[in-house]
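The values are calculated or read from the model by the stated rules, or taken from the named source; none is laboratory data. Predicted model, so just to flag it, every value in this text is computed and none were measured. Cβ placement follows ideal geometry from the backbone for every residue including glycine, while neighbour counts extend to all protein chains displayed. Accessible surface areas use protein heavy atoms only, side chains included; no ligands, DNA or RNA. Shrake-Rupley method; radii C 1.70, N 1.55, O 1.52, S 1.80 Å.
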Amino acid sequence: MTAELSSPDPASAAPPAVLRRRSSSGGGGLGRYILVRFLLIIPTVFILVTLVFLLMRTTGDPITAALGGKLTGPQLQERIHEAGYDRPLIVQYLEYLGNIVTGNFGSTLSDNRPVTQVLLTYGGATLELAFYALIVAFIVGIPLGMVAAYFRDRAPDAFLRIFAILCYATPVFFAGLLLKLVFAVWLQVLPVAGRASTGAELQMQFLQSKTGIYLIDALQTGNPEVIGDVLSHAVLPGVALGLLTAGVFLRLVRTNLIGTLGTDYVDSARSRGVTEFRLVRKHAYRPALIPIITVIGLQIALLLGGAVLTETTFEWKGLGFQLAHYLQARDFVAVQGIVALLAVIVAVTNFIVDIIAALIDPRVRY
Amino acid sequence: MTATTAQTRPKRSLVSRIPLFEQVRSSIGLQRGMLIAGVVITGVFVLTAVFAPLLAPYGFAQLRSDGTPFGAQEAPNAEHLLGTTVGGYDVLSRVIWGAQTAILTIVVSVILSIFAGIFLGLVSGYIGGWLDRVLVVVCDAIYAFPSLLLAIVMSIVISGGRSDLFGGILAASISITVVFIPQYFRVIRAETVRIKSEAYVESAKVIGTRAPRIVFRHVLRNATRSLPLLLTLNSSEALLTLAGLGFLGFGIEPTAAAEWGYDLNKSLSDVTSGIWWTSLFPGLAIVLAVLGITLLGESLNDLADPRLRGRRAALDTGAPTPDNGAEPHGAGATGESIVADDASTADDEERVS
């Protein structure tokens, strides 16, 4: 039997040869890896932008969608002609691609603003929300994941695994509504919605270097009341969106720690008398962190999707809130522009995360 | 070899052929608890959907009974066990009917994405070449993109954003499908590429079997092993995407069907004035349904993966497990420890080669 199994030797001898060739040429692999990964952004963005364009245009022209009931037939035709939506699709597509290359993502129909300006005005808010959410996810997810791994298959692990599944199973908007109900309406300890109270917003309005990121603006005013106000508004949305990601982090840390806790070097450290806390915190944790960094890239997409829902729940005036607003107004040019822009952002952040992962772990480079 | 398999098959008891029975038997402790909880919650969810017309006290779009309107935002009372919404609907009825919408969407979207994903995966993996490369890049691009945004774009395309029951369900399902195709595609393509170089595929080629027959008979049957797990996990994601679309106002009109996400959207302003029943119950329904399906999928996933599978008590302590003693048929085909199972399959493969 064994002789038969080991008979296809020529076939199994091939992979090592390939590996050898690859490892010899990949000596200075990082630079090449970064270049390849960077070039891969282009087809990714191109495909998504094309997909979104084609899909949105199959529904007909956006002017009829937005103003269909409001204008008469000839008026509509005139508007469509002015905007160039009666030209052949391929012409429109090429023009659209050309515009995107020069950074022009079109203008919204309902309030006639360039999409890039919408991004600059509201992007900061979304960035801020994602930042808070990531902090919550790290604070909650990583320590709990360590606890779950250490108590594997015992009561704390069981409890935490169910907690992680609950984090995933609860839609962010429902989590947001519950948090609002308990902390803002019943206990009245935190504000119901918005990014800051009117007074604080007024104070930040007259700053010289306004960033649109309220935390930075509030710090610039140097007024502790404003800072407190901004932070108190951030708690509930941050927690609602953060818990979603925290569940993912918890499970990742747990699975990876279980893997590293079973390795020989952890056993040998334990035999040398290293304390259990230090064992988890120092020896097993560090190597378990690498897969987490890789997965953060995928979390960005999840966070952006979640941000749309969280912002709507808390009237957090960011990109997602604005997107929902344009959806309701049936302004599909704006929707297309924002979605295309987000595609670029997702592709670029994924690129950055991949590079960070490659810097930390040489095995990632290929 | 063929003789032994023919003999062992009839030996499996009737009970052990019930789906999931084997998994429940081979699990222990926490894992068994999670699996059973998942089965029970999912079961209740499905039954609620099927018997919604009998269970719900009112219709999902009913505003009045015996000529008197329900009234808006009424607190839970004897008439309306879970109160009424801002639009004057009965919350309990809409929660129950919502299960039907949810199940329909899950079923349609999963079926659509399985067919499309499997087909593309098989073709891409088997044919290879530039087609394969293009499909992989396209699927990777879609995969990296926020699924909710893609679903929004799709639902604009399909229904212009609003529609009736079947239009709405179909729109939501197709939107979700587009998000899921890359996942099925990846799994099936990877398996196809692996199976393509197996000896039995080559033998089939040698005797002149046509490509479609090889793909659907030899490759497909062996490539679908990991699908049930993906399927359960995707069902829960489909449900969450449907709710997300509904919450953004892309759901199904309230008069056409009950949809939990839509109801939550309408309850947004209620919360600020302390009205909790309009948001709590549809939300809990989503959480429970997703929880049930996820628990089920997770436990099946863990049980299928030997590294994650809880060590059986018999292997751990040397003592026989209680269910081994209680199950008279278990000894032959089903009851043995994992190690023995693995050994026997390894044996089979050796003999085949």
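Of all residues in the range A:148-172, those that are more than 9 Å from chain B (Cβ to nearest Cβ) and closer than 30 Å to A:Thr312 by Cα total 4. In the range A:178-211, the residue that is farthest from A:Pro224 (Cα to Cα) out of those that are open to solvent by less than 70 Å² (accessible area, probe 1.4 Å), among the hydrophobic types (A, V, I, L, M, F, W, C) and part of a helix (DSSP H, G or I) is A:Leu178. With the condition kept exactly as written, say whether any residue in the range A:276-299 is among the β-branched types (Val, Ile, Thr), open to solvent by 30 Å² or more (accessible area, probe 1.4 Å) and modelled with pLDDT of 75 or more. Within the range A:276-299 (the criterion being among the β-branched types (Val, Ile, Thr), open to solvent by 30 Å² or more (accessible area, probe 1.4 Å) and modelled with pLDDT of 75 or more), the answer is no, since none of the residues qualifies. Of the residues making up the range A:240-279, those that are aliphatic (A, V, I, L, M), out of contact with any Cys (no Cβ under 8 Å at 6 or more places or on another chain) and under 15 Å from A:Phe151 (Cβ atoms) are A:Val253, A:Leu257, A:Ile258, A:Leu261, A:Leu279. The condition of being more than 30 Å from B:Ile158 (Cα to Cα) and crowded, with 24+ Cβ neighbours inside 10 Å holds for only one of B:Thr192, B:Thr209, that being B:Thr192.
So, of the residues in the range A:176-195 that are at the interface with another protein chain (Cβ under 9 Å from one of its Cβ atoms) and among the hydrophobic types (A, V, I, L, M, F, W, C), which turns out to be farthest from A:Phe321 (Cα to Cα)? Here the residue is A:Trp186. Just to be sure, is A:Leu30 more than 14 Å from chain B (Cβ to nearest Cβ), at pLDDT 70 or above, assigned to a helix (DSSP H, G or I) and open to solvent by less than 50 Å² (accessible area, probe 1.4 Å)? Here the answer is yes, as A:Leu30 does meet what is asked. Restricting the search to helices (runs of 4 or more DSSP H) fully inside the range A:240-328 and requiring at least 2 residues that are among the β-branched types (Val, Ile, Thr) and under 23 Å from the mean Cα position of the chain (by Cα) gives A:285-314. A single member of A:Arg330, A:Arg270, A:Arg363 is modelled with pLDDT under 80, surrounded by fewer than 16 Cβ atoms within 10 Å (Cβ to Cβ) and of a type in the set (Lys, Arg), and it is A:Arg363. A:Thr312 satisfies every condition listed in (1) open to solvent by less than 20 Å² (accessible area, probe 1.4 Å); (2) hydroxyl-bearing (Ser, Thr, Tyr); (3) out of contact with any Ser or Thr (no Cβ under 9 Å at 6 or more places or on another chain) except (1). Evaluate the range B:18-41: report whether one residue or more is of a type in the set (Phe, Trp, Tyr), open to solvent by less than 30 Å² (accessible area, probe 1.4 Å) and either at pLDDT below 70 or in a helix (DSSP H, G or I) (or both). The answer is no; no qualifying residue exists.
Here A:Val235 fits the description: among the β-branched types (Val, Ile, Thr), more than 23 Å from A:Val147 (Cβ to Cβ) and either at pLDDT below 80 or surrounded by fewer than 20 Cβ atoms within 10 Å (Cβ to Cβ) (or both).
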